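Here, each number is a calculation from the coordinates, and none is a lab measurement. Source: prediction; values computed, not measured. A quick note on method: Cβ atoms are made from the backbone with ideal geometry, for glycine too, and the neighbour counts reach across all protein chains shown.
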Amino acid sequence: MRYDFDAVIDRRNTGSLKWDYPERALGHKDVIPMWVADMDFPAPRQVIDAIRARAEHGAYGYPLTPPSYWAAIQSWMKTRHNWEVKKEWLSKSPGVVPALSLCVTAFTHPGDKIVVQTPVYYPFFAAIKHNGRRIVRNPLRTENGRWVMDFDDLERKIDPRTRLLILCSPHNPVGRVWRREELNRLAEICAARDVLIVADEIHADLVYTGYKHFPLASLSEEVAKRTITLTAPSKTFNTAGLTTSVVISSNPRLLNLFNTEAANAGLTMGNIFGIVALEAAYAHGAEWLDQLLPYLEENVNAAQRFFEARVPRIKFTRPEGTYLALLDCRGLGLEQKALNDFFLRKAGVYFDEGTLFGDELAGFERINLAAPRAVLVQALERIEAAVAGGIS
Ligand SMILES: Cc1ncc(COP(=O)(O)O)c(C=O)c1O
C-alpha cells in the first residue's frame with residue numbers, strides 16, 4: 001500500500017500541544033508550529049484500526065499486557081536493529097520522560113552527579129535537577145561543522161560522585177547518529193569509572209541514508225550490563241499522546257531497581273490504547289516507516305536547499321537522523337528571546353529556542369521538519385519573507 005504523506009490534516013483545535021499552544025498560550029493565530037517533536041502525519045492505518053477496534057469494545061478496564069505485545073517489541077528490535085532482546089529484559093513505562101526520572105531515582109542518591117552531553121533534550125536536566133541530583137555537563141564540540149563527543153572532557157569530569165550518564169542516541173537536537181566507535185569509546189570510559197548509562201534511543205528508527213543506529217546495549221555483554229535502554233514507537237509512528245514506552249536491560253539488578261521505582265510511583269499499569277497501538281506499530285508498521293523515511297529525508301533536502309539558496313544568513317545543520325534540525329541564526333544578530341519573537345511575530349513560525357538545550361545553542365533554533373512538504377515550503381517561504389523584510 002502507498003501512504004500519502006503529502007496529505008495535509010488539520011490539527012488545530014484537536015487538543016494538540018504542537019498546534020494549539022502557540023494560539024492559546026502565546027496569543028498568536030495562524031502560526032505554523034515547528035517546535036515539539038511530533039509529526040503532522042496520521043499513524044499507520046493498522047495502528048488506527050487497532051485503536052478503533054479496542055475503542056469499539058467499550059469496556060476500558062485495567063489492562064494486562066499480552067504476550068504478543070512483548071513479542072512485537074522483540075521482533076522489531078531484531079529486524080530493525082539486529083538486536084536480540086529477551087522477554088525478561090523488558091519492561092514498560094508511560095513515556096520515556098517519566099522513565100528517565102525513575103532511572104535517576106532508582107540508580108542514584110540525592111547529591112550524586114549525572115552526566116549529560118549538551119546541548120541536549122532539555123527534560124534530561126529536569127529529571128536530574130528536580131530529583132535533587134547534580135548535572136555534570138560534558139558539552140559536545142563541533143569539528144568541521146559536525147557535533148562530536150568530547151571524551152577528554154568526559155574523563156576529566158567523572159569523579160567518585162558521578163554515578164550515571166544519560167546518552168541521547170540518536171542525538172536530539174544535534175541530529176547525530178553516533179558511530180559504533182564513538183559509542184564504544186563512551187562505554188569504555190563509563191566502564192573504567194563504574195558509571196551506569198541510561199540510553200535514550202527514542203529516535204532510533206529515524207535514521208537517514210548512509211547512517212546506522214547501533215543500540216548501545218547491543219555492542220557487547222559488558223556494555224549491556226551497565227546500560228538501561230529507553231525507547232518507544234512514539235517518535236517513529238507519531239503516537240506520543242498514547243504515553244507508552246519501552247524499557248530494556250539485560251541486567252536484572254538494573255531492571256528490578258527500575259521496576260521497583262516504577263511500582264512505588266504507581267506507574268506500572270499502562271493504558272489499553274497505548275498497548276494495542278504499540279503492538280500494531282511494531283508488528284505491522286515497517287512498510288509505513290519505509291515510506292516515511294525517504295519522505296522525511298526529502299524534507300531535509302528541501303530545507304537544506306532552501307536555506308542555502310534563499311536564506312543564506314541562516315545556516316542549516318543537516319541531521320543524520322531524527323526529523324529535527326538546527327538552524328544557526330547567529331547571522332541575524334538577534335539575542336535568543338528576540339530571535340524567537342522575530343520568527344513568531346514576523347514569520348508566523350514557532351520553533352524551540354536553542355538555549356533550551358544548552359548555552360551552546362545561543363542564537364540557534366530547532367526546527368521540526370515532520371510535516372507535509374507543502375506546509376514545510378510555506379513555512380520556509382514565510383521565513384524568507386520575514387528575513388527579507390528586515391530584522392527587528
Ligand atoms: C530524546 C527524547 N527523549 C524522550 C522524548 C519524549 O519521550 P516521551 O514522550 O516518551 O516521554 C523525546 C521527545 O521529543 C526526545 O526527543
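Below, the figures for the structure above:
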| read-out | value |
| --- | --- |
| Mean-position separation - Cα centroids, region 192-236 and region 314-365, in angstrom | 27 Å |
| Rotationally averaged projected area of the chain (alpha carbon convex hull; nm²) | 19.0 nm² |
| Square roots of 5 times each gyration tensor eigenvalue, C-alpha, region 105-228, largest first, Å | 22, 16, 14 |
| Aspartates and glutamates whose Cα lies under 13 Å from that of Lys346, excluding same-chain neighbours fewer than 8 positions away | Asp30, Glu381, Glu384 |
| Rounded FRET efficiency, nearest 0.05, which uses the C-beta distance separating Glu56 from Arg11 and R0 of 22 Å | 0.35 |
| Student exercise, region 1-57 dipole from Lys, Arg, Asp, Glu Cβ charges, in Debye to nearest 20 | 140 debye |
| Order by protection proxy (mean Cβ within 10 Å, highest first), peptides 229-238, 42-51 | 229-238, 42-51 |
| Antiparallel DSSP beta bridges within the chain, as percent of all bridges there, nearest 5 | 50 percent |
| Evaluated over region 215-259, the Cα radius of gyration and Dmax, each in Å | 12.2, 35 |
| Farthest positive-ward along the chain dipole, Cα basis, beta-carbon charges - from Asn299, Ala240, Val387 | Ala240 |
| Debye, to nearest 20: dipole size of the chain, +1 on Lys, Arg Cβ, -1 on Asp, Glu Cβ | 480 debye |
| Spatially proximal aspartates and glutamates relative to Lys157 (Cα-Cα < 14 Å; intrachain offsets below 8 disregarded) | Asp112, Asp194 |
| Antiparallel DSSP beta bridges within region 98-225, as percent of all bridges there, nearest 5 | 20 percent |
| Subset of Lys87/Lys113; Lys212/Lys235; Lys113/Lys337 violating a 24 Å alpha-carbon distance limit | Lys87/Lys113; Lys113/Lys337 |
| Counted charge near Ser68, where neighbours are those whose Cβ lies closer than 12 Å (Asp, Glu -1; Lys, Arg +1) | 0 |
| Value in Å of the Kirkwood radius, where region 165-247 supplies the Cα pairs that are averaged | 13.2 Å |
| Net charge contributed by nearby residues that have their C-beta within less than 9 Å of Leu289 (K/R +1, D/E -1) | -2 |
| For Arg226, net neighbour charge (Lys/Arg +1, Asp/Glu -1) across residues whose Cβ lies under 15 Å away | +1 |
| Pairwise FRET efficiency - Asn271 versus Ala374, Cβ, R0 = 30 Å, nearest 0.05 | 0.30 |
| Where the Cα pairs of region 323-391 fall when distances are cut into 10 Å bins, in % | 21, 56, 22, 0 |
| Cα-based reach from Lys78 at 17 Å (exclusive), listing aspartates and glutamates while leaving out same-chain residues under 8 positions away | Glu88, Glu201, Asp205, Glu221, Glu279, Glu287, Asp290 |
| Sorted peptide list for 380-391, 362-373, criterion being average Cβ within 10 angstrom, highest first | 362-373, 380-391 |
| Inter-centroid distance (Cα atoms) of region 255-294 relative to region 54-68, Å | 14 Å |
